1. Report the charge-dipole magnitude of segment 3-163 in Debye, nearest 20, computed about the Cα centre from +1 at each Lys and Arg Cβ and -1 at each Asp and Glu Cβ.
2. Mind checking segment 72-170 for GluC sites (Glu not before Pro) that DSSP puts in a loop (not H, G, I, E or B) and that have at most 14 other Cβ atoms within 10 Å?
3. P(r) tail for segment 79-152, what percent of Cα pairs lie past 14 Å?
4. Only counting other Cβ atoms within 10 Å, I'd like LYS153, LYS136 sorted with the fewest neighbours first.
5. Using all alpha carbons of segment 23-101, what is the percent of pairwise distances in each 10 Å bin, ordered from the shortest bin to the longest?
6. Can you sort ILE65, ILE102 so the residue with the fewest Cβ neighbours within 10 Å comes first?
7. How far is it, in nm, from the label point at ASN36 to the one at ALA70 when both lie 7 Å from their Cα along the line to the Cβ?
8. Starting from the 7 Å offset along Cα-to-Cβ, what nm value, one decimal, do you get for the label separation of LYS17 and LYS88?
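Since every read-out is calculated from the coordinates, none of them should be taken as a lab result. Remember, it's a predicted structure, so these values are computed and weren't measured experimentally. Every residue, glycine as well, gets a Cβ built from its backbone with ideal geometry; the counts of neighbours run over all protein chains shown.
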Amino acid sequence: MGIFSFFGSLFGGSKRKIAPIVQSPKDRVLNQEYRNPGDPPEILRLDQPAPKGLPKKVKSNVELIGVSGAKSRESVIGFITGSKRQLKLMLDKSNKEEKNLIKILGKWEYKKGKTASGQLGWLPKNMFLDIEPYLKKPLGATIKYMELPKGKKPPVIKIEIWRGMNKKKD
């Protein structure tokens, strides 16, 4: 059983289709998975529009931390193998050791009409200072890159972070 069919059956879905290779950036379609030439089948790339009302990109290509931890791993694999994925950023108030952590929550469809959600990981600690000025306003995230685990290599999720415009000129 291949990795995609295993995880598809684990999360209630059917055998996962491998994303097509897209040669040219102009051939990409928003919200449709693709792979670059040379990408192995476990990699999924996605171009998504900015979240509604959040037109300003704050950070790009941010790799989440903690995605291979015992708490996150099942959610991360379900998220990657799912569809109709959504992300939410939240200050992690439950973490008593690290007060400046931002956790990333995901919601996805694993079977037509059936959704799941869970924590996927956190933003890197050094990222907090970069986005702290925007925490009082809505923040959003879009998916850029996902990779299923293979052998000893852990899963990977990379995102882009977005914010609204300030009333003053940005």
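1. The calculated dipole for segment 3-163 is roughly 380 debye.
2. The qualifying sites are GLU97, GLU98.
3. Tail of P(r) above 14 Å: 66 percent of Cα pairs.
4. Result, fewest neighbours first: LYS136, LYS153.
5. Answer for segment 23-101: a P(r) of 12, 38, 35, 12, 2 percent.
6. The fewest-first ordering by Cβ neighbours comes to ILE65, ILE102.
7. For ASN36 paired with ALA70, the spin-label model returns 3.6 nm.
8. About 2.9 nm, to one decimal.
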